[in-house]
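Following: one structure in structure tokens, then a few remarks.
The values are calculated or read from the model by the stated rules, or taken from the named source; none is laboratory data. Being a predicted model, the structure only gives us computed values, none of them experimental. So basically every Cβ, Gly included, is an ideal-geometry build from the backbone, and we count neighbours across all protein chains shown.
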Amino acid sequence: MARIAVIPGDGAGIEVIDAALPLLEQLNQVHGLGLSFERFEFGAERYLKTGEALPPGQIDIFRRDFDAILFGAVGDPRVKGQVHAREILLGLRFGLDLYVNFRPCRLLADRLSPLKGKGRKEIDFVVFRENTEGQYNGLGGVFKKGTPDELAISEEINTRKGVERVIRAAFAWAKRNQKTRVAMADKNNAIPAHELWLRTFKEVAAEYPEIEAKHFYVDNLAMQLVLQPESFQVIVTTNLFGDILTDIGAGLTGGLGLAASANLNPDSTPLFEPVHGSAPDIAGKGIVNPFAALLTSALMLRELGHEAPAAKLESAVQQAVEQGQCTRDVGGTLSTQEAVAAVAKLMNDAR
């Protein structure tokens, strides 16, 4: 039995999780997966009523009592500065020490490629983004705000432990999945602290002589992703650069409506999240793309050891995209619920 904590969050997050859960329940029953789901209403509504993003001790409960977290999205224009979103999402990432943000970037249909002459064969890579250090720790601040002497400082943190473990995770995944190339992106020619990344990358790469290890400055790697995406299989990089490069990856593969992610640490409770955000501009209209949530659910199933149902779900989503049985953002005409129903039918037909 695996216990799954479900946090729909806000806006589009609620829509896509509500759409995905019945399909997960179907897989659970058909394949006897032994999954149980428990819902937690942590989001803007609760924060506006209580002033509290996460209850005291909640992270410890997730770490101790749950096998995975399925997360929708957080963000609401009613909350100034999106304080609740930072406290919930970053709180979970940091509190559970989820040091890998894993993002598959795989083109599901040639028609979605924005690059001339580049299709499914050329666009298929994954990104390992360091997830607990870098510039996302809130270290720094503003001095003399609003004056001519205003000073804003943001600190970047890189530790040997943090850098090494995400690089090792990237190489281990590459070996496990028969990949032959790992690329690392930093900016050590302009940021001296990134020399730690390059040195550590070379040391870990030496333990994997069968894998080609190549270093890039991040600006060059961004350009090469657009010029020759087929050169990349596995990319590992910093928190900030990973945030940027994975959005390029989403742009190459059909947009954020198809972008899945996993936040991982083998010694903690993983969190799985479609990365499109709460999308307040389209939330509640029935047009949000649910496929990122379905692909994220497949990542969760695979991490829990259910390879066959995960592959079945991914295959059905790909077929739906190829056949145009999808939402408008990826060339279809279906509503959120209709798109999920199309995937469910394709899964049933494949039995």
Considering residues that are of a type in the set (D, E, K, R) and within 16 Å of residue 316 (Cβ to Cβ), the number found within segment 326-340 is 1
Yes/no for residue 236 being hydrophobic (A, V, I, L, M, F, W, C), outside the structural domain of residue 348 (by TED's automatic domain parsing), over 26 Å from residue 347 (Cβ atoms) and buried (at least 22 other Cβ atoms within 10 Å of the Cβ):
yes
So which residues in segment 319-343 are among the polar types (S, T, N, Q) and assigned to a helix (DSSP H, G or I), if there are any at all?
319, 336, 337
Just for segment 263-280: of the residues that are of a type in the set (A, V, I, L, M) and under 21 Å from residue 15 (Cα atoms), which one is surrounded by the most Cβ atoms within 10 Å (Cβ to Cβ)?
271
Taking the condition of a type in the set (D, E, K, R), at pLDDT below 95 and in contact with a helix residue (DSSP H, G or I) (Cβ under 8 Å, 6 or more places away or on another chain), does residue 120 pass?
no
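Here is a yes/no grid of residues against (1) closer than 24 Å to residue 329 by Cβ; (2) outside the structural domain of residue 11 (by TED's automatic domain parsing); (3) among the charged types (D, E, K, R):
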site: 45; (1), (2), (3): no, no, yes
site: 58; (1), (2), (3): no, no, no
site: 62; (1), (2), (3): no, no, no
site: 79; (1), (2), (3): no, no, no
site: 83; (1), (2), (3): no, no, no
site: 87; (1), (2), (3): no, no, yes
site: 97; (1), (2), (3): no, no, yes
site: 121; (1), (2), (3): yes, yes, yes
Could you tell me whether segment 295-304 includes any residue that is outside the structural domain of residue 246 (by TED's automatic domain parsing) and in a loop (DSSP other than H, G, I, E, B)?
yes
Where residue 335 falls short, out of the listed (1) within 17 Å of residue 105 (Cα to Cα); (2) among the hydroxyl-bearing types (Ser, Thr, Tyr); (3) without any contact (Cβ under 8 Å) to a residue 60 or more places away in the chain:
(1)
List, please: which pairs have Cβ atoms under 7 Å, are six or more places apart or on different chains, and start with a residue in segment 281-297 that is surrounded by 24 or more Cβ atoms within 10 Å (Cβ to Cβ) and end with one that is assigned to a helix (DSSP H, G or I) and among the hydroxyl-bearing types (Ser, Thr, Tyr)?
288/336; 290/336
Please pick out the residue among 259, 279, 283 that is at pLDDT 95 or above and either farther than 26 Å from residue 1 by Cβ or acidic (Asp, Glu) (or both).
259
For residues that are closer than 20 Å to residue 120 by Cα and hydrophobic (A, V, I, L, M, F, W, C), tally how many sit in segment 311-342.
8
Extreme residue, surrounded by the most Cβ atoms within 10 Å (Cβ to Cβ), among residues of segment 126-174 that are of a type in the set (Val, Ile, Thr) and in a strand (DSSP E or B)
127
Checked pairs for segment 135-160, first at positive phi, second part of a loop (DSSP other than H, G, I, E, B) and at pLDDT 95 or above, C-beta under 8 Å and 6 or more apart or across chains, list as 144/150
Checking residue 348 against (1) more than 16 Å from residue 73 (Cα to Cα); (2) modelled with pLDDT of 95 or more; (3) assigned to a helix (DSSP H, G or I): exactly one of these is not met. Which one?
(2)
Given segment 1-79, what helices (runs of 4 or more DSSP H) lie entirely inside it while holding 3 or more residues that are surrounded by 22 or more Cβ atoms within 10 Å (Cβ to Cβ)?
12-31
Residues that are closer than 30 Å to residue 66 by Cα, surrounded by 18 or more Cβ atoms within 10 Å (Cβ to Cβ) and aliphatic (A, V, I, L, M), drawn from segment 298-337:
298, 299, 300, 301, 304, 310, 313, 316, 317
